[in-house]
Amino acid sequence: MRRARALAVAAVAVLATTACLGPAGGARVGQADASGDGTLRIGLILDNTGPQDFLNAPQLAAAKLAVKEINAAGGHKGKPVELLPATVSGDTAAQAKALVAAKADVVIGPTDSSRAPAAIDVLSNAKVAIISPANSAGGLSRYESNGYYFRTSAADIAQAPVLVKLAKDSGAATIAVVYEEGTYGKDVSNAVAAAAKACGVGPLVVAGFAPGQAQTAAAAAKAAAPDAVVLVSRAGAQGAIAELNNAGLAGKKLILSDGAVSQYGSGLGSRALDGARGILPGTFASAHFQGELVAVDPGLKDMTFAAETYDAVNLAAIAAAAAQDDAGTSIAASLIAVSGGTAQTSGNSAPSGEAAVCKSYQECLDSIRAGKRPDYDGESGPVGFDSNGDVSSANYVVYTYGPDNTATMSGNETASSSGS
């Protein structure tokens, strides 16, 4: 099992220094006049290099699968949808500029939240719709994109009520929150504390730590004598777990955030995580979907972000079909409606009519032809974009650790994307 989120080490600096908080809506809810050239072109930004490069393959396979199915259903207005050639690079702005030059109407990506601003700045200026299958930084909900930015993955804080529910389900009446300093740790820990208060689970202490320096935070958690400890961490997770174990807070007392979930094995002391639980975002890919992906890429070994990518491509094509136009502005103006979102729109591109749930491009196309408004529920579950381009609900896979400090899937949970 791999980490389900690419580590966005630079996200704090990038979002803090370049983000301009803008109003929700823009092209998402505005009027769009048909301006496409008749060919729907979809681009990909694959930005993972180094240890996280395994995240590129499932996204590429999922995009290829979706385009294959869309074209089998007749493509866009009778013409094949084009998936532009993808490159792998950490220079997101350069990739975005190349896709604009290639006449992309919509771009799927990037993966890393810290690279999203560079993509948004280039693509929104060119009126190209953007749908990331993986961005999770909370600040991106209000990053100024003029309404061209969407994401099929939930913000980090959406996991908070799920973490609290896991603690409460185990009988915990009180929790301690131990978090790694930084935007991710601060945002998620604050959301956990708020979620705990809302459902009557008392957060006794919220203690932060720098990676490799979790001893004091662990001691503070021990002194509070909580029923459970929620660890919100990424790079410093293994060291924090070791310190919590040293403090007598081990095994089933521990609840791990998505950034802290990994297969630790012998990297931790015997039975350190026995009975501990953690979550990863998304849904477990069905056997059928996995088989379809492997048929596209026989060497595929990881499915992370595949469902979210597949849904992003389908939503883009469904939005273009509903608008009867392939231009990025028309796609952006239709995405909320075809995703099942409820945000008010003022444009004439958004489809109207009775909502009809559909689970494939073909089904959604049939709904459009029948005069209905498609409501796409895909491999990642219901989407329902809001006026910020965020999904309205977030799905999580629950993992439980055994005595060998390895985790296996044990359930599923769903929460509001706002962390409530």
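The values are calculated or read from the model by the stated rules, or taken from the named source; none is laboratory data. This is a predicted model, so every value here is computed, not measured. Note: ideal-geometry Cβ built from the backbone for every residue, glycine included; neighbour counts use all protein chains shown. Calculation scope for accessible area: heavy atoms of the full protein, side chains included, ligands and nucleic acids excluded. Shrake-Rupley method; radii C 1.70, N 1.55, O 1.52, S 1.80 Å.
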Looking only at segment 126-170, which residues have a backbone nitrogen under 18 Å from a spot 7 Å from the Cα of Lys103 in the C-beta direction?
126-129
Taking the Kirkwood radius as the inverse of the mean 1/r across Cα pairs, report the Rg/Rh of the chain.
0.99
Lys and Arg at +1, Asp and Glu at -1: add these up for the other residues within a Cβ distance under 12 Å of Gly74 and post the number.
+1
Mind checking the angle between helix 287-296 and the chain's longest principal axis? C-alpha axes, 0 to 90 degrees, to the nearest 10.
60
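Using the Cβ atoms and a cut-off under 9 Å, what net charge is assigned to the surroundings of Ala327, where Lys and Arg are +1 and Asp and Glu are -1?
-4
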Please give the net charge around Arg115, taking every other residue with its beta carbon less than 12 angstrom from that of Arg115, where Lys and Arg add +1 and Asp and Glu add -1.
-4
Extending each Cα 7 Å along its Cβ direction at Val294 and Ala94, get the distance between those two points in nm, one decimal.
3.6
Qualifying trypsin sites (Lys or Arg not before Pro) for segment 149-249 [loop in DSSP, other Cβ within 10 Å: at most 16]
none
For segment 40-50, take each phi angle, set θ = phi - 60°, evaluate the Karplus expression 6.51 cos²θ - 1.76 cosθ + 1.60, and give the result in whole Hz per residue in order, putting x for glycine and proline.
7, 10, 10, x, 10, 10, 9, 10, 8, 10, x
For the chain, find the longest principal axis of its Cα atoms and tell me its angle to the long axis of helix 92-101, 0 to 90°, nearest 10.
10
Please list, by residue number, everything in segment 240-273 whose backbone N is under 12 Å from a paramagnetic label point 7 Å out along Cα→Cβ of Asp404.
264-266
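I'd like the FRET efficiency for Ser393 and Asn246, computed as 1/(1 + (r/R0)^6) with the beta carbon distance as r and R0 of 56 Å, rounded to 0.05. Don't skip to the end; give the middle numbers.
Details: r = 38 Å, r/R0 = 0.68.
FRET efficiency, Ser393 to Asn246: 0.90.
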Taking Cα atoms, the helix 306-323 axis meets the longest principal axis of the chain at an angle in degrees (rounded to 10) of 30
Please build a GNM for the chain, connecting alpha carbons under 10 Å apart, and tell me which residue among Ala285, Ala101, Ala317 fluctuates the most.
Ala101
Whichever aspartates and glutamates have a C-alpha closer than 16 Å to that of Lys79, once near sequence neighbours (fewer than 8 apart) are set aside:
Asp37, Glu69, Asp105, Asp325, Asp326
For the chain, give the percent of accessible area contributed by carbon and sulfur heavy atoms, probe 1.4 Å, rounded to a whole number.
52
